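Below is one structure, written out as structure tokens, with a few remarks after it.
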Amino acid sequence: MLLMSMTLWADDFTLKGKVIDEDNNALELVTVSCLEQGKVTMTNLQGEFSINLSSADSVEVRFSMIGYATRKRVFRRPKGKLTVQIVMKPMEALREVTITEKRRQTSTTEQLDIEDAKQGPSTTGNAVEELIQQQAGVSSHNELSSQYNVRGGSFDENSVYINNVEIYRPLLIRSGQQEGLSIINADMVEKIGFSSGGFEAKYGDKMSSALDITYRRPKRFEATATASLLGASGYLGMSNKKFAMRHGLRYKTNRYLLGSLETTGEYRPNFFDYQTYIIYTPNSRWALDIIGYISENHYNFKPEDRETSFGTMEDVKSFKVYFDGQEKDVFRTLFGTASITRNFGDSTKIKFLTSAFHTKEKETYDVMGQYWLDDTQSSEHLGVGTYMEHARNYLTADVISFKLMANHKTQRHDMEVGITYKTERISEQAREYEMRDSSGYSIPHSADRLDLIYTLTSKNDVKSHRIEAYLQDTYRFAKGENFFTLNYGVRLANWSFSKETIVSPRASLAVVPAFNQDLTFRFATGLYYQAPFYKEMRDTVTENGITVAKLNEKIKSQRSLQFIAAMDYRFKMLDRPFRFTTEVYYKALSNLIPYNIQNVKVTYYGENLASGYTAGLDLKLYGEFVPGTDSWLTFSLMKAQMKMNGISFPQPTDQRWAVNLHFTDYFPGTDRWRMTLRLAYADGLPFGAPHRGIERQNFRAPAYKRADIGMNYRAIKDGKGVKNLWLGVDCLNLFGISNVNSYYWVTDVSSRQWAVPNYLTG
């Protein structure tokens, strides 16, 4: 009898089940463990798990995941097969947050917290892009623009998606001051997915990064309103079982911010947009989503006289300039998308999307300046001259797209396929010129005629279509107690303008090792192409001093072969969750289209003339330094080189190092007072004299430094009518640092060129 009892006591049993959150969403990669027996497993994509355990009087099973409270279940003398459902609850309930950032990252796309985007001081009003600019490997030297560079790429190498639809941006933007509001309204966002390289095949043909935005369906009636000296915004949402809608209205002006700069002037920028998101779900099988967007951006600027001192302590130069004229820009954008989703159970769905994008842009200015360049030590006049800049640039762009995508999930696989057809039409009429003289002589000087230092004429009308397709699969499997996530896929694209067909294979692998399940190793590689956008296609020919822009039909897509290795380490400090991430990357670049940056204006060569590489290291420490608030510290090292005509030189975006800090704290003993501090310290970018070629950009601007601090007080907390009311004050550019935005070049009487810095830090 004793032997029989011992045999029964040693019987095994199988525990199966599913782990979900409070919204009934499946949670993947939840650790399921029995510490007494040394057994552990993880949930799959569907939140399901299965583990074999030995029976006993009582068996305790733990369910744990960073960001959620640990659950324990005790089974009394279990036998045979048992099935359970576990509901995980967020660890902290201090605020309404998206917990996805704290989940284990097993792909090249990192999930960011939308609440982080809304917190803290802001100069642009584009909260999501400002959050991206603070991530490792991302740089931006213009506080008034939502544009950003990722790991040495240019600002146009970043793809943006909203609800699976690719978003287009204005084409005439040069300095960023005119840009206004981003199409992404932070009040409407539910999820932010960002990849700085090695992203999946479903993301389009860009070489640097992918930003994936998902809009949120309201669960009840809700509304928010904000107001400041820089603008105002309002949001309204409502919902029932079948119908939901959200509306967002924003107004912004940088007049008061820009008016405080050294380069004073009569700034009258006004930016306005309206956005709506409508969802109709008649039943569990069908869903209809509609997004509408209208924007009207005006940028008016009348420069005023200025005086700038520059140089060294031993050699100080004085630059005075007197202005006449003004700049008037208008940017109108219309965007709409509609999607129909058909669900076939919980594992299969098909979605059809259509979108239309229209932009009409006008850039006009006539600005004349008279300048004096003096040596403060000797009172010697080094240069006296006049310049005049003129532009009449008009551009209209229309893009219509149709996309069909399907998704099928099994226990171990998440398969996705999509095909897109796009039609594009871009019409441009442009006329620019610049006249410059020094000491009474026109530059360039000719005895028998008057030559302009720069002139451009462009009149083009291009129609084309694109066909894009992708196929990818995410495969999750285990070998012993090692867990693997493999994503592999391929992307194909054809563009009628260049008659080029490109094939982009991509793959990534994440490994959770058995020896330490707080570690995650990630590896990614892939071939990435980027078809040139309109201004990259413009090839210029100069005859008799007049430069004419024509479209280069032989131009090819730029190419990037990427290799990425990363490690994530999750740990607890002060009983709060933290994560440390390190990434090493290398990008081999070919068929590059070089470009010059001359006083914030980008001019492309219009040909595939260069190759190069980018290599670097990104470090990030992320966590809750104080309960319920997210903070992070990033450090980046990078080298971005280009080779053209046998000469190697830094790329225009070669930011060799950068440090960013985002810190949020509550006053001790209360969560009504909140402080947010943002610090940035980064290497300056290369630059050179105008009209001399990118290979002669052998100077480097001073390091970029900035500090912003914001203080907020929650006047109403969890009220009945008004749920929350926040009052706050922001101090932008806390230490009054003047960062160099660009350089104005002056030629003295001996034909020497002087770089006069233009400061732009609001």
For this session: Could you check the range 532-601 for strands (runs of 3 or more DSSP E) lying wholly inside it with 3 or more residues that are under 21 Å from THR634 (Cα atoms) and in the same structural domain as LYS639 (by TED's automatic domain parsing)?
Result: 558-573, 576-592
Exercise. For the range 310-368, what are the residues that are modelled with pLDDT of 80 or more, of a type in the set (S, T, N, Q) and part of a strand (DSSP E or B)?
Worked result: GLN326, THR333, THR337, SER339, THR341, ASN343, THR348, THR354, SER355, THR359, THR364
Seminar exercise, completed: Considering the range 602-619, residues that are in a strand (DSSP E or B) and touching a residue at least 60 places away in the same chain (Cβ under 8 Å), and then whichever is farthest from TYR534 (Cα to Cα), we arrive at LEU619
For this session: Residue by residue through the range 461-487, note down the ones that are surrounded by 14 or more Cβ atoms within 10 Å (Cβ to Cβ) and basic (Lys, Arg).
Result: ARG466, ARG476
Exercise. Can you tell me which residues in the range 697-726 are closer than 15 Å to ARG656 by Cβ and hydrophobic (A, V, I, L, M, F, W, C)?
Worked result: PHE699, ALA701, ALA703
For this session: Can you tell me which residue within the range 222-256, out of those that are at pLDDT below 90 and surrounded by 20 or more Cβ atoms within 10 Å (Cβ to Cβ), is farthest from GLY292 (Cα to Cα)?
Result: ASN254
For this session: Go through the range 472-499 and count every residue that is touching a residue at least 24 places away in the same chain (Cβ under 8 Å) and part of a loop (DSSP other than H, G, I, E, B).
Result: 5
Exercise. Restricting attention to the range 316-374, and to residues there that are among the acidic types (Asp, Glu) and in contact with a strand residue (DSSP E or B) (Cβ under 6 Å, 6 or more places away or on another chain), which single residue is farthest from ILE400 (Cα to Cα)?
Worked result: ASP374
Exercise. Any idea which of (1) modelled with pLDDT under 75; (2) within 19 Å of ASN185 (Cα to Cα) is the one ARG306 doesn't satisfy?
Worked result: (2)
Exercise. Where residues in the range 171-214 are at pLDDT below 90 and among the small types (Gly, Ala, Ser), which of them is surrounded by the most Cβ atoms within 10 Å (Cβ to Cβ)?
Worked result: GLY180
Seminar exercise, completed: LEU621 passes all but one of the listed conditions (1) at pLDDT below 90; (2) surrounded by fewer than 20 Cβ atoms within 10 Å (Cβ to Cβ); (3) hydrophobic (A, V, I, L, M, F, W, C); (4) over 26 Å from LEU561 (Cβ atoms); the exception is number (1)
Exercise. Here is a list of conditions, (1) of a type in the set (Ser, Thr, Tyr); (2) at pLDDT 80 or above; (3) out of contact with any Gly (no Cβ under 6 Å at 6 or more places or on another chain), and SER159 meets all of them except one; can you say which number that is?
Worked result: (3)
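Output yes when any residue across the range 500-512 is buried (at least 16 other Cβ atoms within 10 Å of the Cβ), closer than 22 Å to ASN608 by Cβ and either touching a residue at least 12 places away in the same chain (Cβ under 8 Å) or not hydroxyl-bearing (Ser, Thr, Tyr) (or both), and no when none is. Please lay out each step first, then the result.
Just the residues of the range 500-512 that are buried (at least 16 other Cβ atoms within 10 Å of the Cβ), to begin with: 502, 504, 506-512.
From the residues that got through so far, the ones that are closer than 22 Å to ASN608 by Cβ too are 502, 504.
Subset that is either touching a residue at least 12 places away in the same chain (Cβ under 8 Å) or not hydroxyl-bearing (Ser, Thr, Tyr) (or both): 502, 504.
Yes, because at least one residue in the range 500-512 is buried (at least 16 other Cβ atoms within 10 Å of the Cβ), closer than 22 Å to ASN608 by Cβ and either touching a residue at least 12 places away in the same chain (Cβ under 8 Å) or not hydroxyl-bearing (Ser, Thr, Tyr) (or both).
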Exercise. Since GLY385 meets every condition but one in (1) surrounded by 18 or more Cβ atoms within 10 Å (Cβ to Cβ); (2) farther than 30 Å from ILE467 by Cα; (3) free of Cβ contacts under 8 Å to residues at least 60 places away in the same chain, which condition does it not meet?
Worked result: (3)
For this session: Determine whether GLU607 is acidic (Asp, Glu), loosely packed, with under 15 Cβ neighbours inside 10 Å and either in the same structural domain as TYR433 (by TED's automatic domain parsing) or out of contact with any Gly (no Cβ under 6 Å at 6 or more places or on another chain) (or both).
Result: no
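Within the range 725-762, count every residue that is at pLDDT 75 or above and farther than 27 Å from ASP437 by Cβ.
Residues in the range 725-762 being at pLDDT 75 or above and farther than 27 Å from ASP437 by Cβ: 15 in total.
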Seminar exercise, completed: If we keep only residues of the range 683-727 that are in a loop (DSSP other than H, G, I, E, B) and among the basic types (Lys, Arg), then the residue farthest from GLY612 (Cα to Cα) is LYS720
Problem set entry | Odd one out for LYS643, checked against (1) touching a His at 6+ places or on another chain (Cβ under 8 Å); (2) under 30 Å from THR540 (Cβ atoms); (3) not polar (S, T, N, Q) | (1)
Exercise. What are the residues in the range 62-81 that are within 20 Å of PHE515 (Cα to Cα) and at pLDDT 85 or above, if any?
Worked result: ARG62, PHE63, SER64
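The values are calculated or read from the model by the stated rules, or taken from the named source; none is laboratory data. Small disclaimer: the values here were computed from a predicted structure and weren't measured. When we count neighbours, we look across all protein chains shown, and the Cβ atoms used for this are built from the backbone with ideal geometry, even at glycine.
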